[in-house]
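Engineer: Take a look at the following structure, please.
The values are calculated or read from the model by the stated rules, or taken from the named source; none is laboratory data. Computed from a prediction, not measured in an experiment: that's the story for all the values here. All Cβ positions, glycine included, derive from the backbone under ideal geometry; neighbour counts span all protein chains shown.
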Amino acid sequence: MKKLSIILLLVSISAFLLFSGCEKDAEEISGIPIITPVNYDWDIYFMEYYELDANVNKYIVWAKWLHESSAISANDAFSIRIDGETHNFAKFFNAGYWTISASLDLVPGTQYDLVFKKNGDTVASQALRMPYPANVTFPASFDPSKAASMNWQLAEDNNYQFVNLTSMLNEDDDDWNKILSASDRSLTFPANAVKSFGPGTNYDMMLAQMNFEKSDRVAFSSFSTASKNYGAQLPTKLGILELQAIANKIRQRVR
């Protein structure tokens, strides 16, 4: 399994909590659907990650079937065509669920024509843009008892963006999150937004970008994050099952 950077672990801690417990007015989240088996059959999502071995940013894409796993057999083959080039998905069954994924070389901010196929037959086709990456200036240091500001630049607006601040020590954790306007380029975290659990508390500040499209009963989305860690460093290696769990939690919270 390829080594992954701390980015994906930070996403696991923070992004899946983001859309619960935060105020959501219609203007802020207009267009983000509830993705359930009632209105979708497939949830296809791209996540950017950093590959330590190659020192490059790459993407991993998951195709999540939202109904009974028995509808997929070991003989089924899945692929995604991106701008005319076909990429085959790896597939394996674990703990009652299918993991269907592929690692890709894509360019941030680029729109791709996607065709998702099962056994050679087209399931859905859709154009989707990978998020424009944010160039973020994080605070040099962080004291949870004081307000802290961050600002960033984007080549263009993505569909959605949100921030998360997390504190953790052993089994204790706290988080503060906010959905932003797509045009926002700065944010100030209020003092005491998250708790300190004493010496050794780890803090993570994250800005995430998201784009979303749909084709009939198939949801397509793409994610990119920028984050900074303050405190003890977290483990940096994750396996494919952990990554799938991370991405699933993120998608479940996008409401």
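Engineer: Within region 96-105, identify whether any single residue is in contact (Cβ under 8 Å) with a residue 24 or more places away in the chain and in contact with a His (Cβ under 8 Å, 6 or more places away or on another chain), and answer yes or no. Can you show your working first?
Structural biologist: Initially, region 96-105 is screened for residues in contact (Cβ under 8 Å) with a residue 24 or more places away in the chain, giving 96-105.
If we keep only those that are in contact with a His (Cβ under 8 Å, 6 or more places away or on another chain) too, we end up with 102, 104.
Checked against the condition, which is being in contact (Cβ under 8 Å) with a residue 24 or more places away in the chain and in contact with a His (Cβ under 8 Å, 6 or more places away or on another chain), region 96-105 yields at least one hit.
Engineer: Take Tyr112 and tell me if it is part of a strand (DSSP E or B) and either in contact (Cβ under 8 Å) with a residue 24 or more places away in the chain or touching a Leu at 6+ places or on another chain (Cβ under 9 Å) (or both). Spell out how you get there, then give the answer.
Structural biologist: Details: part of a strand (DSSP E or B): yes; either in contact (Cβ under 8 Å) with a residue 24 or more places away in the chain or touching a Leu at 6+ places or on another chain (Cβ under 9 Å) (or both): yes.
It is true that Tyr112 is part of a strand (DSSP E or B) and either in contact (Cβ under 8 Å) with a residue 24 or more places away in the chain or touching a Leu at 6+ places or on another chain (Cβ under 9 Å) (or both).
Engineer: Same structure again: Condition test on Ile34, is it under 20 Å from the mean Cα position of the chain (by Cα) and either at pLDDT 95 or above or not acidic (Asp, Glu) (or both)? Explain how you work it out, then say what you get.
Structural biologist: On the way: under 20 Å from the mean Cα position of the chain (by Cα): yes; either at pLDDT 95 or above or not acidic (Asp, Glu) (or both): yes.
In short, yes.
Engineer: Sticking with this one: Of the conditions (1) among the polar types (S, T, N, Q); (2) in a strand (DSSP E or B); (3) at pLDDT below 65, Ser12 clears all except one; give me its number.
Structural biologist: (2)
Engineer: Considering only region 150-159, I want to know if a residue exists there that is touching a residue at least 40 places away in the same chain (Cβ under 8 Å) and polar (S, T, N, Q).
Structural biologist: Pass one, region 150-159, residues touching a residue at least 40 places away in the same chain (Cβ under 8 Å): 150, 152, 154-156, 158-159.
Still in the running and polar (S, T, N, Q): 158-159.
Within region 150-159, one or more residues are touching a residue at least 40 places away in the same chain (Cβ under 8 Å) and polar (S, T, N, Q).
Engineer: Among the listed residues Ser167, Ser183, which satisfies the condition of being of a type in the set (S, T, N, Q), in contact with an Asp or Glu (Cβ under 7 Å, 6 or more places away or on another chain) and either in a strand (DSSP E or B) or surrounded by 15 or more Cβ atoms within 10 Å (Cβ to Cβ) (or both)? First the steps, then the outcome.
Structural biologist: Details: Ser183 fails: either in a strand (DSSP E or B) or surrounded by 15 or more Cβ atoms within 10 Å (Cβ to Cβ) (or both).
One residue alone meets the criteria, Ser167.
Engineer: OK, next. Output the number of the condition that Ala102 fails; it satisfies all remaining conditions of (1) small (Gly, Ala, Ser); (2) over 26 Å from Tyr40 (Cβ atoms); (3) touching a strand residue (DSSP E or B) at 6+ places or on another chain (Cβ under 6 Å).
Structural biologist: Result: Ala102 passes all but (2).
Engineer: Okay, next question. For residues that are under 15 Å from Pro144 (Cβ atoms) and hydroxyl-bearing (Ser, Thr, Tyr), scanning just region 163-193, find the one that is nearest to the chain's Cα centre (by Cα).
Structural biologist: Looking at the filtered set, the residue picked out is Thr166.
Engineer: In region 132-141, is there at least one residue being touching a Pro at 6+ places or on another chain (Cβ under 7 Å), at pLDDT below 95 and not in a strand (DSSP E or B)?
Structural biologist: As a first pass, look at region 132-141 and keep what is touching a Pro at 6+ places or on another chain (Cβ under 7 Å): 132-133.
The next check asks that each one be at pLDDT below 95; those that pass are 133.
Among the residues that remain, those that are also not in a strand (DSSP E or B) are: 133.
Yes: region 132-141 contains one or more residues that are touching a Pro at 6+ places or on another chain (Cβ under 7 Å), at pLDDT below 95 and not in a strand (DSSP E or B).
Engineer: Could I ask something else about it? From Pro144, Pro108, grab the single residue that is surrounded by 12 or more Cβ atoms within 10 Å (Cβ to Cβ), closer than 17 Å to Glu48 by Cα and in contact with a Phe, Trp or Tyr (Cβ under 8 Å, 6 or more places away or on another chain). Step through it out loud before you land on a result.
Structural biologist: Numbers: Pro144 fails: closer than 17 Å to Glu48 by Cα.
Sole residue among the options that is surrounded by 12 or more Cβ atoms within 10 Å (Cβ to Cβ), closer than 17 Å to Glu48 by Cα and in contact with a Phe, Trp or Tyr (Cβ under 8 Å, 6 or more places away or on another chain): Pro108.
Engineer: Next question, about the same structure. Going through region 142-160 one residue at a time, which ones are at pLDDT 95 or above and either closer than 19 Å to Val107 by Cα or not in a strand (DSSP E or B) (or both)? Give the derivation first.
Structural biologist: If we filter region 142-160 for residues that are at pLDDT 95 or above, which is where we start, we get 142-158.
Correct list: Phe142, Asp143, Pro144, Ser145, Lys146, Ala147, Gln153, Leu154, Ala155, Glu156, Asp157, Asn158.
Engineer: Another question about this same structure. Which one of the conditions (1) exposed (fewer than 15 other Cβ atoms within 10 Å of the Cβ); (2) in contact (Cβ under 8 Å) with a residue 40 or more places away in the chain does Asp121 fail to meet, given that it meets all the rest?
Structural biologist: Tallying (1) exposed (fewer than 15 other Cβ atoms within 10 Å of the Cβ); (2) in contact (Cβ under 8 Å) with a residue 40 or more places away in the chain, Asp121 fails exactly one: (2).
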